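Read-outs throughout are calculated quantities, based only on the coordinates presented, and are distinct from any laboratory measurement. Computed from a prediction, not measured in an experiment: that's the story for all the values here. In this analysis, Cβ positions are derived from the backbone assuming ideal geometry, glycine residues included, and neighbour counts consider all displayed protein chains.
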């Protein structure tokens, strides 16, 4: 077990180093000069050169990489070129939106998907199953920005229950802040739930065909007990895998929904930083996300062991 | 007990509703598309900086009004020496910066000297290039000496990058802007909104609004429901053009189409063959049908232009008829250039709707005379480095939003790669001409040279599409400079 853990940690560290090189290289290859972007069309070449020096853009590439990577090791993520505040401050503000949003969406998606999956699997091939899976198909197919706009028109423009967008900050009160995350969370959760429900259904169907399920039924266990206690638990592994992937996506891949609801989330920060060539912000945030994804994957691995005791002994 | 509480609550609520019905609202939430990178107009070129801060937070010696006219700002009045070289500004008294420090002639000297210094990073440093000396005569008088008479000096001192800052706070203005204006920064939730509040110590007419919030709405589709739900009450320039008809027919909103200083042009790399031949450029100009481009790229709202000049400005000459849309003529021009079989070229399009939509129309229009354009979409950062800095392009579409910028065609090394000594002479003369009529005449000459020589094909003037609550008054109709001046904005009932 220790050897396994050690191996995992070494692999994770190597992945991080490699990712940092790739991220840095890609951002450097991108055409565009942050200094010119800041000073605009009328600035002279001398001024651009002066600003480049100030921002440290004229130091050799390798030195800049080492400086940046060294900073990351000591948890110093550098300063944003455009906002001229520490990157970590920007991230902290955005995480305060993105993390709760991702968690709410994930919870919603699970609450919807698992019962639907169980319902469908236990009625495989019957009308209820067809209907549920048809709805799931629709959920996957509907573009989420369109769905988001429909939600806005219904709940914000027509019913005036929630704001059409924006985020007032947690300082405005927990309920006010939560209210502004509600629609985006629903818009994000629906397609994720649709995917998850389909995964849960097929995993469950597979398990339900196993011999031990027949044995459990044969020894007289009621169908419900078999379904919820034995089958579902065994079908959780693919569901958890998908959940882990979805969480990583929900943290930073939600730029479209963030735009529609004009939420100050991580996705928009990255997008904005790329267009403004705020290289250091992009590089540092991508590295944070890489770290987060690696950690989530580790967590998912551990959760396998929790749902499937057989995995605890292995390796 | 519970019942009493309910009744009491209902009474309080109805009372609150009643009082709010009597007093006009004093808060406003405006939508803006792009977030400013920071809030210091003397350190960044992003238009959004000026949108939020100009006239609201920061003020200059002079100021530009809604019609593009120069008005007194921090300077109450001024005199100009007979040779046009020395401007003496008399400053308002009792002016305070937002941090409580007093404003005086020393701040003006500091600001102008800082902007023109050798290590200045002012994005419009050229505005200050002719200043040779700034002297604080007494706390309320500043003398500015120029190297020669400057026709647009008073206008330039009213521009966004020429605002007056204080020595003690200048370096912190990016994050905590300290100006002299009627509003001061309350807080900036990055990525979300910037809130300004009324400055109680303002030296001039106080603002009617107590609070103004600029909320960043990057998505055009989100802008409409934001207005409809009442979350946002004004867009100085609305991005959602498709929804315009819907908003126009809604009595709750005012839709005000104004002009800007944005000449939208098909820029040509004048040194790159075959565009170095006049006949080729004439062929492009004749093959292009402005009305189709305006319909596609600005919902039919842009005004056609025939030269690099805003139709709203004094001195404008209508030159849209110099090269009328005429395919036969265009083919003749190509033949004259020895390219009767046409040629291929690229067009680099920045990520703005007018360029991406307009580019497709131009591609199909030029195809009719055998000119095959390959569209290359680029980001702004790429556009700036490839097109603007390295001049690695054939054609591009861009809107030049700087006011009074016809002189860019005389700038050496500018990305048009256009060099016409005759034009340069006119611009040089214009620079030192102060007499108004003479200036307008020279501007006319300059416009005509460009219209005939086609260093770029002139398409249309970018419109400003203002949409706001019908009860709101005092928003700017036009954008002579990109500013959302809120000093006269108020709610009516």
If you bin every alpha carbon distance in the protein assembly as shown into 10 Å steps from zero, what whole percent lands in each bin?
2, 11, 19, 22, 19, 13, 8, 4, 2, 0, 0, 0
For the range B:42-79, list residues with backbone N below 19 Å from a point placed 7 Å from the Cα of residue B:186 toward its Cβ?
B:52-58
Taking the reciprocal of mean 1/r across every pair of different Cα atoms in the range A:108-191, the Kirkwood radius in Å is 14.5 Å
Cα long-axis angle, helix B:278-287 against chain B (0 to 90 degrees, to the nearest 10):
60 degrees
Given 20 °C and 1.002 mPa s, how large is the Stokes-Einstein diffusion coefficient of the range A:41-108 in µm²/s, with Rh as the Kirkwood radius over Cα pairs?
145 µm²/s
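For peptide A:46-56, how many partner chain Cβ atoms fall within 10 Å of a residue's Cβ, on average?
2
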So what does the Cα-only Debye profile of the range B:139-296 read at q = 0.14 Å⁻¹, as log10 I(q)/I(0), no solvent term?
-1.08
Could you please rank B:81, B:307, A:80, placing first whichever residue has the fewest other Cβ atoms within 10 Å of its Cβ?
B:81, A:80, B:307
Need the C-alpha centroid separation for the range A:266-303 versus the range B:207-266, integer Å.
33 Å
How far apart, in nm, are two points set 7 Å out from the Cα along the Cα-to-Cβ line at residue A:107 and at residue A:73?
4.0 nm
Would you mind checking the radius of gyration and Dmax of the range A:149-208 based on alpha-carbon positions, in Å?
16.3, 49
More than 22 angstrom apart: percent of Cα pairs within the range B:161-244
42 percent
Any number yet on Rg/Rh for the range B:392-463, C-alpha, Kirkwood?
0.96
With eigenvalues of the C-alpha gyration tensor scaled by 5 and rooted, the range B:246-294, Å:
38, 12, 7
Where does each of B:419-429, A:201-211, A:179-189 land if you order them by average Cβ count within 10 Å, highest first?
A:179-189, A:201-211, B:419-429
Taking the Cα atoms of the range A:89-311 alone, what are Rg (to one decimal) and Dmax (as a whole number) in Å?
19.9, 66
Is there a simple number for the mean count of other chain Cβ atoms within 10 Å of the Cβ of residues in A:163-171, and what is it?
6
Evaluate the Debye formula for the range B:70-136 with equal point scatterers sitting on the alpha carbons, no solvent, and hand back log10 of I(q)/I(0) at q = 0.16, 0.20 Å⁻¹, in q order, two decimals.
-0.66, -0.99
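What does DSSP give for the protein assembly as shown in terms of the percent of beta bridges that are antiparallel, rounded to the nearest 5?
Numbers: 56 of 75 bridges.
Around 75 percent of the beta bridges assigned by DSSP in the protein assembly as shown are antiparallel ones.
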Interatomic Cα distance distribution for the range A:1-60, bins of 5 angstrom, percent
4, 16, 15, 15, 11, 9, 8, 7, 6, 5, 3, 2, 0
When the distances between all Cα atoms of the range B:18-165 are binned every 5 Å from zero, what whole-number percent does each bin get?
2, 9, 17, 21, 19, 13, 7, 5, 3, 2, 1, 1, 0
Per-q log10 I(q)/I(0), the range B:399-438, q = 0.19, 0.26, 0.28, 0.36 Å⁻¹ (Debye; single scatterer per alpha-carbon; no solvent):
-0.61, -0.96, -1.03, -1.21
Report, to the nearest 10°, how far helix B:327-336 tilts away from the longest principal axis of the Cα atoms in chain B, using its own Cα long axis and a range of 0 to 90°.
60 degrees
In whole Å, largest first, what are the principal axis extents of the Cα atoms in the range A:185-305?
66, 28, 16
Note to self: Kirkwood Rh of the range A:246-305, Cα pairs, one decimal, Å, is 12.4 Å
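Sorting B:157, A:21 on the 10 Å Cβ count, fewest up front, what's the list?
A:21, B:157
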Going fewest to most other Cβ atoms within 10 Å around each Cβ, B:188, B:491 line up as B:491, B:188
Where does helix A:45-55 land angle-wise versus the long Cα axis of chain A, in degrees 0 to 90, nearest 10?
50 degrees
For the range B:320-413: span of alpha carbons on each principal axis (Å, largest first):
37, 27, 24
Separation of alpha-carbon centers, the range A:6-69 and the range B:330-399, rounded to whole Å:
32 Å
Three principal axis lengths of chain B [C-alpha, angstrom, descending]
93, 63, 36
